[in-house]
Each structure stands twice: as C-alpha cells, then as structure tokens.
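The values are calculated or read from the model by the stated rules, or taken from the named source; none is laboratory data. Here the structure is a predicted model, which is why all the values come from computation and not from measurement. Heads up, the Cβs are rebuilt from the backbone with ideal geometry, glycines too, and the neighbour counts pull from every protein chain shown. What goes into the accessible areas is simple: the full protein's heavy atoms, side chains included, and nothing from ligands, DNA or RNA. Shrake-Rupley method; radii C 1.70, N 1.55, O 1.52, S 1.80 Å.
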Amino acid sequence: MHMPENLLLIPLDDTVVFPTMDVTLPVDTGDEERVLLVPRHEGEYASVGTIARVAERVRLPGGARGATLEGIARGVAGAAHSTPVGGLRVEVVEHPDDVPVDGRTRDLEREYRAVVEEILELRGDDGRVAAFLRSISESGALADTSGYSPDLTFEQKVQLLEELDVSSRLALALEFQRERLTQLQVRTKIREDVESGAQKQQREYFLRKQMESIRRELGEDDASAIDEYRSKIEEAGMPDHVREQAERELDRLERMGEGGSGESQMIRTYLDWMVSVPWGERSEEKLDPKGTREVLDADHAGLEDVKDRIVEYVAVKKLRQERGMDVSRSGDRDRSPSRDVTKGGAILTLIGPPGTGKTSIGESIARAMGREFVRMSLGGVRDEAEIRGHRRTYIGALPGRLVRALRDAGTMNPVILLDEVDKVGADWRGDPSAALLEVLDPAQNSTFRDHYLDVEIDLSEVVFIATANQAETIPGPLLDRMEVIRFDGYTTEEKVAIGRDYLYPRQRERNGLLPDEVVLDDGVLRTIVREYTREAGVRQLERELGTLLRKTATNIASEKVTAPIAIDLDGIRDALGRQKVFQEAAARTAVPGVATGLSVTGTGGDVLFIEANKMDGKGTAGLTLTGQLGDVMKESARIALTYVRAHADDLGIDPHGFEDTEFHVHVPAGAIPKDGPSAGVTMTTALASLLSGRPVKHTVGMTGEVTLQGRVLPIGGLKQKVLAAHAAGLTDVILPERNRADLDDVPDDVREAMTFHPVMTVGEVLDVALEPVRETVVA
C-alpha cells in the first residue's frame, strides 16, 4: 500500500491519458517532478487519474510553456486544496497494476489480442500496430492499449481508467473491442453488398447489350412484349389522342430494348394502366322508367325524391335515344347542371343523417339502370393525388381513385358512389375537394385529366352519387355544382315498414332462422322503434332486431322453446332489456319555465328542452347561460330576455320582477355543444312562462328565430324537426309563417296526426304555447 502523495492536479478536458502514454501539454509544471492528470467533462472530474513524470519542460510555438509528461501509474485522488497561484493540489494514492497469474486473465489476453488483430485486418493495418501489440506482455498495459482507439468514447475511456482491477479492466476492454469489431463487420458487409450490386447491374447491362447484338445478327429480334402491347392498344378502343400517347410511350420502350432498367419498368407500368382502362366499353342501359322504379321500390322504402330523379334521368335518356337526338357535349357553361346531366351522366348529392339509406341506394340505382357499381370512400382523404393521381416522376406513382374505379367497373359509364364527401380534409398535400370541382362539374368532367395517365378522360357518362351527413362542411364551390337531394329521416310508420319488409328478413336469415319459426307483427316493431331507438335512420333498429333474433335463435338451438315463436312485449323486454327511450315532454313542461324546442343535428331532428329559472340577485341583475351554447344561441337568449322585459305589461308580468333578479337559462344535455338561432322562440316562451307562472302546454313543440321587435323569422330543417316532434309524441308544432310552404315536404300521415301553427309574432307563439290564465274564484 503506497502512502498518499501531494501532487499538482492537471485537468484534461474530454481527454484521457493512460499509464505508458507520453503527451506534451501546454502547462506550466513549475518545479514539480510528478503530477496527476485527471480527465474532466463539463466541470466534473474522474475519480482516478494518471500519475505522470515530468520528463522535459519545453517551449511551444508562440512562446508558451509546456511539458512532456510520461504516464507511470494510476492514482486515486483524495482531498484537494487550492494553491496560491490558482491551481489545485490533491492527495494521491498511487495504484500500480498487479500481475495476475490466474488462467482467466490469460484467456482474456488471448481473446483480446485475437479480436484486436481481426479489427486491424479489417482496417487494413500494415503490421506496425500488430507488432506493437505483440510486444506488450503485461495484462494491465495490454488493456490500456484500448485508450489509443479513436472509436472509443470519452466515457468508455474513463471507465477503463477507473477500473483498478486488471482482470476486470481487461474484460471491459475486450467488450469494447468486440463492439468495434461488430460495427466494422456490418460496415464492411454493406460496402461489399453495394459494390456487388453495382457490379451485377453492370454485368447484366453488358449481357443484355450482347443479347441484342446477337439477335440483330441472327435476324431474330424478339419483340413479343412490344407486339403484345401494340395489339392491346389496338383492341382497347382508345380515343385518338389517348392512342397516340400510348403509342409514343410504346415507341420509347421499343427503342430502350427489352431490358429491366428502371425507366423501362416505369413505361411498362404506365402502358399496363393505359390498356386496363375500359376506353371502349359501355354497359347496355335499361331505359325502362317503369322497370327502374320497380327495382328501386323493391330495394328501398320511401326516398321518393331520389327515386323520382333517377326515373326522370332514365326517361329523358330514353326519349333522346328514340328520337335520334345527338348527345352533344358542347360544354355550355350557362346550362344548369340539371339540364346538362340529361345529356351524359347524372350528379346527385344525398345529404341526410346516418342510417337513412344514402349509401345503399347507390347500388340499387346501378342495378335499376343496368350499370356497374363502384364505391369510393372519401372520408378522411387529405391528398389531392387520391383523386387526380400522382405524377409519373415519383417512384411508386399510381393513377387516382377515379381511374381505378373505371378499371374496377370495366365500363366508362358506371355508377360511382362518392361516400362521405363532407368529410374530405385538406393539408399541405393539397385539397381533394378542389380536385372534385372538375369531376362534379358537367361542363368540365368530359375532359378530366389524371396526373398519372396525363390524357383526357371522359367522365360525362358516369352517374355520380355523392353522400354526406351535413351540407355545412362541404366547400361552397363544390356544393354549388351538386344537385342536392335531402334525406330527412323516416317516420315511425316508415320505420315499421322498413323493419318488416327489409331489416327483419335480412336479420332472420343472418341468424339462421326459417320464416315459419318466428312471428313478428307490426305492433312489436312499433314498440321497438318507439321505446328502444331515437334516430332519423334505421341502423339502431336493425341492431335491436339482430339482438332480438339472436336471443330467439339461441333459445331454439338450446331447445328451451319450440318453434314457431310469437314475439311479444315480454320477449322484447327479455331480449332487449328495459325501455331506453321515453316521451318526457309532459313531465318536463309540467312546471313554469320549461319549453320544448325542436332542433337539427348531424344525426337528424331532435327535441330540445329549454329551462329557465330566477333567483335573488342581491342588488344586481344578470343572465347566466349554461349547456355549451354557441355565440348565436347566447345572443338569442339575451334577445328573449330583452323582449320579455320590454313587453312585461302586455304579458301580464310585474315589471318590478326584473329588478335585483338573476335569470338562469339552461339547455340540456350539458355535454353536447349547441348553436343556431332557431331556439329563439323557445327561450322567449320559457322566460315568459317562468315570469307569468303559466306552464307551457306539454303537447307543443316550437322552432323559429326571434327579433327584438318580436318578429318570428324562418328557419331550416323543418321536415326533420317535425319528424322529431312526431316521434316524441308532440301533437302541436309552432313554426314561422314563412316556413308554411315547407310543410308540403312532411309525409301525409304526419301532417294528419299533428296540428301546425304558423306564426309571425312572439305574441302568437305565447297564445298557443302557454296554458291559459287560471281564474281565481272568490267565494
């Protein structure tokens, strides 16, 4: 054990000096004979340094003092103190290397030498480093040779320096060198693979050239692939400008030869797509308006508007064909879309809540017209290239979805369903809705150009059916090009008919039941519609029917019951559980301050309860609004309160009741955002009811925008709102006078079951909505 020695500390920033190393440093060692060299990184010192002998003091270029230092042994640093000149002196215990004699150390030495020699071989060493390595006999010094490696990090070198046990240090150095060897082997293999690949390509290139030369000499030029492409181009029925483009590319391929270069492969792929488009193929249409209507009626109940439009299209086309009228495509931009589409295809946009049959009717239209059907889902599409295709300069480029749809259909006049067109996005890759502007414009789509094919494609004979849930999210210029047909949902009786004629047979077959095993009458279907679903469409109804029939199939398969089974109310409760939907208008409006409004959401119409209350404002007056209301709805509430306060005398309300009173208007459900002006009359009625003490009639639902002067302005979505009111059990609907004409769109059975009150002023609203004033009889 060596005694501590007080030495001058020389810090080495991001540098490690090992024993046996000689270094020259720009330091002034004074009269010191021995110093301690300690690695330092970001102000932190290593715990072990190298004791070095000052072999020579030198003058460096520039006149600075320096010293040549020879590493002797490791030194463990102890307590340190500052010198008067600003340096550091430390107590150091010298720790020379032991000389282990165990077999493990000898095995580590041999393995270390073998690994390092393999590294030197991969690096192309000239033998000098290997000879230096063989000249070292001590185990500790052998491990310290890793300190010369430029591939070791500063942290790894510090680890080696701080490892005092010779065997452990040798094992650590071996681990580091093995990592270096693995990295070198991987790099060498990659380099060899690259060189081999380049040599292979060069060899194949020369061989192909030799084959071409031999074929020319023998007069046996094999152009079978070129001939095959040429025959496909001739048979494809391409328009002249398309055939010219295809032949130009084919000539390029022929000049390149039958090689496998990247350029020729790109041309082959392009020609494959060109001949895969059904340029000359047309489906033979069924121009029978009566038969078309029969097919549509057989597949879907209701949806009269879209059925009428398709029958009109077929009828007009039949007349034009019978009378020999030329189907010109003059591109007259002054014509309306509804007139242009009778010359080529049709462009319809079906907008309505989910589950109303928008998507499924597309296939029925194709079947009724005798055309092929292709569905394109546009929900979440953000890349313009999805519509127009990628340019051929990109690796892996492909045509857009429209070209692929024509290929899949096999004709140039299919029915293409553009599903969820309102959910198309946009980002840095482009705006797909802008590309759809050309597709859905009858004046332009006869010359649609795909970026990949780079030729004009005639889409004017395609029948485009676009679907969407909301028109508000469709860009204005795109919506302007669409012939919109709105799906406003189904009445209860229509849902019962759909369930009986379409959904029940389908679910019965899916659940393995025979027609005579289950009896399901209209009353059961009506109960399911009213008590287990609240939707504009029929998706939830089909799910409930599926659950009911699965339970029934399970009971039959388990032999718990015997067929036939007549499903009744108990069977419904057993399969579907307790009632899920309640008609709560009577209970909610039993107290003053609650009114029933009508609204439209992305899933259809709905009833909306608006609650108002008041409390002592303690010297202040104000209005609190809750229920996640948008700015427009908040303004409607303020207008309602202002109107009621301004007309307090007319409404039989104490004008002093507004002083020091705080009002609170709440619109459940609080978790659902709401906005729009059509709740104005409902808010006004709720406040008038609260202050007058007259409850709102539980049979009344209302909608309309209100002004400060008490005028009731028109609103949108009346049909959906009326259907929601009917489904909720309301019998009276208050609506703006200017929406009276919209009642023609309401189904006849709903109009007959309800009473409508068109109004122009808030006074008329309150006369209908509020219960009459109770007369007090004095005995």
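Just one residue in the set 622, 627, 657 is over 20 Å from residue 696 (Cβ atoms), open to solvent by less than 50 Å² (accessible area, probe 1.4 Å) and not hydroxyl-bearing (Ser, Thr, Tyr); that residue is 622.
Are any of the residues in segment 696-711 open to solvent by 70 Å² or more (accessible area, probe 1.4 Å) and farther than 30 Å from residue 472 by Cα? So far as segment 696-711 goes, yes, one or more of its residues are open to solvent by 70 Å² or more (accessible area, probe 1.4 Å) and farther than 30 Å from residue 472 by Cα.
Scanning segment 51-91 for residues that are at positive phi and charged (D, E, K, R) turns up nothing.
Quick one: how many residues across segment 672-708 are assigned to a loop (DSSP other than H, G, I, E, B), within 20 Å of residue 728 (Cβ to Cβ) and over 44 Å from the mean Cα position of the chain (by Cα)? The total comes to 2. Inside segment 708-729, residues that are over 20 Å from residue 491 (Cβ atoms) and not β-branched (Val, Ile, Thr) make up a count of 6. Is it fair to say residue 388 is touching a strand residue (DSSP E or B) at 6+ places or on another chain (Cβ under 9 Å) and of a type in the set (Lys, Arg)? When the stated conditions are applied, residue 388 passes them. Scanning segment 52-82 for residues that are touching a residue at least 24 places away in the same chain (Cβ under 8 Å) and not in a strand (DSSP E or B) yields 60, 64. Do you know which residues across segment 356-376 are open to solvent by 50 Å² or more (accessible area, probe 1.4 Å) and over 25 Å from the mean Cα position of the chain (by Cα)? 363, 367, 372, 373 - these are the residues of segment 356-376 that are open to solvent by 50 Å² or more (accessible area, probe 1.4 Å) and over 25 Å from the mean Cα position of the chain (by Cα). When you check residue 388 against the structure, is it in contact with a helix residue (DSSP H, G or I) (Cβ under 6 Å, 6 or more places away or on another chain), of a type outside the set (A, V, I, L, M, F, W, C) and touching a residue at least 12 places away in the same chain (Cβ under 8 Å), yes or no? Taking the combined requirement at face value, the residue satisfies it. Only residues that are open to solvent by less than 10 Å² (accessible area, probe 1.4 Å), touching a residue at least 60 places away in the same chain (Cβ under 8 Å) and out of contact with any Lys or Arg (no Cβ under 7 Å at 6 or more places or on another chain) were counted in segment 410-426, giving 1. Taken over segment 427-446, residues that are open to solvent by 10 Å² or more (accessible area, probe 1.4 Å) and among the aliphatic types (A, V, I, L, M) amount to 3.
Restricting the first member to segment 12-31 and to residues that are within 17 Å of residue 75 (Cα to Cα) and open to solvent by 80 Å² or more (accessible area, probe 1.4 Å), and the second to residues that are polar (S, T, N, Q) and at pLDDT 90 or above, the beta-carbon pairs closer than 7 Å and six or more apart or on different chains are 22/68. Could you tell me whether residue 449 is farther than 23 Å from residue 283 by Cβ, touching a strand residue (DSSP E or B) at 6+ places or on another chain (Cβ under 7 Å) and open to solvent by 30 Å² or more (accessible area, probe 1.4 Å)? Judged against the criteria, residue 449 is a match. Taking segment 362-391 as the range and being over 21 Å from residue 410 (Cα atoms) and touching a His at 6+ places or on another chain (Cβ under 8 Å) as the test, the residues that pass are 385, 390, 391.
Number of residues in segment 555-572 that are in a helix (DSSP H, G or I) and open to solvent by 80 Å² or more (accessible area, probe 1.4 Å): the value is 3.
Looking at this structure, is residue 714 over 23 Å from residue 529 (Cβ atoms) and in contact with a strand residue (DSSP E or B) (Cβ under 6 Å, 6 or more places away or on another chain)?
On the way: over 23 Å from residue 529 (Cβ atoms): yes; in contact with a strand residue (DSSP E or B) (Cβ under 6 Å, 6 or more places away or on another chain): yes.
Here the answer is yes, as residue 714 does meet what is asked.
In segment 479-519, of all residues being in contact with a strand residue (DSSP E or B) (Cβ under 6 Å, 6 or more places away or on another chain) and over 30 Å from residue 436 (Cβ atoms), the one that is most open to solvent (accessible area, probe 1.4 Å) corresponds to 519.
One residue is enough: does segment 392-405 have a residue meeting the conditions surrounded by fewer than 21 Cβ atoms within 10 Å (Cβ to Cβ), β-branched (Val, Ile, Thr) and more than 27 Å from residue 360 (Cα to Cα)? Yes, some residue in segment 392-405 is surrounded by fewer than 21 Cβ atoms within 10 Å (Cβ to Cβ), β-branched (Val, Ile, Thr) and more than 27 Å from residue 360 (Cα to Cα).
Tell me which residues, restricted to segment 609-638, are touching a Leu at 6+ places or on another chain (Cβ under 6 Å) and not in a strand (DSSP E or B).
Once the filter is applied, which keeps residues that are touching a Leu at 6+ places or on another chain (Cβ under 6 Å) and not in a strand (DSSP E or B), segment 609-638 yields 634, 637.
Residue count for segment 83-111 under the criterion of being in a loop (DSSP other than H, G, I, E, B), closer than 22 Å to residue 138 by Cβ and open to solvent by 90 Å² or more (accessible area, probe 1.4 Å): the result is 3.
Do the conditions hold for residue 547, that is, is it modelled with pLDDT under 90, out of contact with any Ser or Thr (no Cβ under 9 Å at 6 or more places or on another chain), at negative phi and of a type outside the set (Phe, Trp, Tyr)? So residue 547 fails the test.
For segment 446-461, the set of residues classified as over 21 Å from residue 249 (Cβ atoms) and either at pLDDT 90 or above or in contact with a helix residue (DSSP H, G or I) (Cβ under 7 Å, 6 or more places away or on another chain) (or both) consists of 459, 460, listed by residue number. Within this structure, residue 379 fails the test of being of a type outside the set (Asp, Glu), open to solvent by less than 30 Å² (accessible area, probe 1.4 Å) and modelled with pLDDT under 85. Taken together, the residues in segment 732-775 that are part of a loop (DSSP other than H, G, I, E, B), at pLDDT below 90 and within 45 Å of the chain's Cα centre (by Cα) amount to 2. Residues of segment 712-731 that are open to solvent by 30 Å² or more (accessible area, probe 1.4 Å) and either touching a Cys at 6+ places or on another chain (Cβ under 7 Å) or part of a strand (DSSP E or B) (or both): 713 alone. Among residues of segment 599-611 that are among the acidic types (Asp, Glu), those with a beta-carbon under 6 Å from a residue that is part of a strand (DSSP E or B) and surrounded by fewer than 20 Cβ atoms within 10 Å (Cβ to Cβ) at least six positions away or on a different chain give the pairs 611/666. Only one of the numbered conditions (1) touching a strand residue (DSSP E or B) at 6+ places or on another chain (Cβ under 7 Å); (2) open to solvent by less than 50 Å² (accessible area, probe 1.4 Å); (3) modelled with pLDDT of 85 or more is not met by residue 525, and that is (1). Residues of segment 4-51 that are under 60 Å from the mean Cα position of the chain (by Cα), assigned to a loop (DSSP other than H, G, I, E, B) and among the small types (Gly, Ala, Ser): 43, 46, 47.
Taken over segment 530-552, residues that are touching a residue at least 12 places away in the same chain (Cβ under 8 Å), surrounded by fewer than 21 Cβ atoms within 10 Å (Cβ to Cβ) and out of contact with any Asp or Glu (no Cβ under 9 Å at 6 or more places or on another chain) amount to 8.
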